[in-house]
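For reference, the structure is listed below as structure tokens.
The values are calculated or read from the model by the stated rules, or taken from the named source; none is laboratory data. Treat the numbers as computed from the prediction; the structure is a model and nothing was measured. Note that we place each Cβ from the backbone using ideal geometry, even for glycine, and neighbour counts take in every protein chain shown. Accessible surface areas use protein heavy atoms only, side chains included; no ligands, DNA or RNA. Shrake-Rupley method; radii C 1.70, N 1.55, O 1.52, S 1.80 Å.
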Amino acid sequence: MESFFERAMYAGRWLLAPIYLGLTLALLCLGIKFFQEAFHIIPHVLEMKEADLILGILSMIDMGLVGGLIVMVMFSGYENFVSSLDIHESKDKLEWLGKMDAGSLKNKVAASIVAISSIHLLRVFMNIPTTENDKLFWYVIIHLTFVLSALVMCGIDLLTKKAH
């Protein structure tokens, strides 16, 4: 009976595979929104105010960072929790595939969230005249919470690795 439960639980990891496949669809949706933003900016680039252009570019950078986060979670999560990717050594193989454990993934996700939050905060600062002070305060507090959380997770990871 115990053996059955252990095999069933181990096989249950494959329930994550459709989730990682779904992240591919999320990446496609993000790509569509990225090019929608690009096609919105390009025809009006000569008539746009500099601040509006910068806000559009920051939005595109934000989408690029989120896209990288999706790829990182998709591949690393699949490799760590479902099955190793059977990609033969070639020039297309990502260097970090197979080398990122769950702790490293967690730290990279935290760092990506901080970067995304930084871009979002920069966009808010670009519109500072139209942003209420209490909202600005909470944006900064939330960003600092992300930064502090990432630092604590990295610190815990360093302590854990040092203990081993």
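Specify the residue that is nearest to residue 76 (Cα to Cα); the eligible residues are those in region 53-64 that are open to solvent by less than 50 Å² (accessible area, probe 1.4 Å) and touching a residue at least 40 places away in the same chain (Cβ under 8 Å). Only one residue tops the list, namely 62. Screening the candidates 46, 15, 21, 25 for the property of being over 15 Å from residue 119 (Cβ atoms) and not in a helix (DSSP H, G or I) yields one hit, 46. Pairs meeting the criteria (first residue in region 33-51 and in contact (Cβ under 8 Å) with a residue 60 or more places away in the chain and more than 10 Å from residue 63 (Cβ to Cβ), second residue open to solvent by less than 80 Å² (accessible area, probe 1.4 Å) and assigned to a helix (DSSP H, G or I), beta carbons under 9 Å, at least 6 apart or on different chains) are 51/126.
Considered as a group, the residues in region 17-52 that are modelled with pLDDT under 90 and under 26 Å from the mean Cα position of the chain (by Cα) include one that is surrounded by the fewest Cβ atoms within 10 Å (Cβ to Cβ), and that residue is 51.
Out of all the residues in region 137-164, which are closer than 16 Å to residue 124 by Cα, loosely packed, with under 15 Cβ neighbours inside 10 Å and either within 17 Å of the chain's Cα centre (by Cα) or not aromatic (Phe, Trp, Tyr) (or both)?
If we filter region 137-164 for residues that are closer than 16 Å to residue 124 by Cα, which is where we start, we get 137-144.
After this cut, where a residue has to be loosely packed, with under 15 Cβ neighbours inside 10 Å as well, the list is 137-138, 140-142, 144.
140, 141, 142, 144 - these are the residues of region 137-164 that are closer than 16 Å to residue 124 by Cα, loosely packed, with under 15 Cβ neighbours inside 10 Å and either within 17 Å of the chain's Cα centre (by Cα) or not aromatic (Phe, Trp, Tyr) (or both).
Note on region 109-164: residues that are polar (S, T, N, Q), in contact (Cβ under 8 Å) with a residue 12 or more places away in the chain and either part of a helix (DSSP H, G or I) or within 18 Å of residue 69 (Cβ to Cβ) (or both) amount to 5.
Of all the criteria given as (1) loosely packed, with under 13 Cβ neighbours inside 10 Å; (2) within 30 Å of residue 107 (Cα to Cα); (3) at pLDDT below 95; (4) of a type in the set (A, V, I, L, M), the one not satisfied by residue 1 is (2).
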